[in-house]
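Rule-based calculations on the coordinates, nothing more; no lab input. Just so you know, these numbers come straight off a predicted model, no measurement behind them.
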Amino acid sequence: MNLKLSGGLVHALPTDLKLALSEKKGLSETWESLTPIARNEFICWVEDAKQEKTRAKRISRTVEELQEGKRRPCCWPGCIHRTDKKPGKWQQDVLINKKK
């Protein structure tokens, strides 16, 4: 797998996601057309999975959503690991402080 695919703003592209993106014709070009922030959100969403089964589902869904023309994960509020902006109140409460 010598295909060069970019990572995100904060997160590097994991090997399993890179493999899934490179297996579908034209998807690597779609991936590269995303902004670094958009790529970062897909990567963060995949990396945030606690179980391998969930991670695999998220990788599959990333491929499907990109093929459908979506440019961001539909259900992800954004990466909490970015240092260029402060997390929003919802992110702080739910993702960082784990409040219900």
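The table below lists the values:
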| quantity | calculated |
| --- | --- |
| Prolate/oblate/rounded label for the stretch 1-60 (Cα gyration tensor, a/c 1.5) | oblate |
| Gained length - S22 relative to E64, 0.36 nm times residue gap less alpha-carbon distance | 13.8 nm |
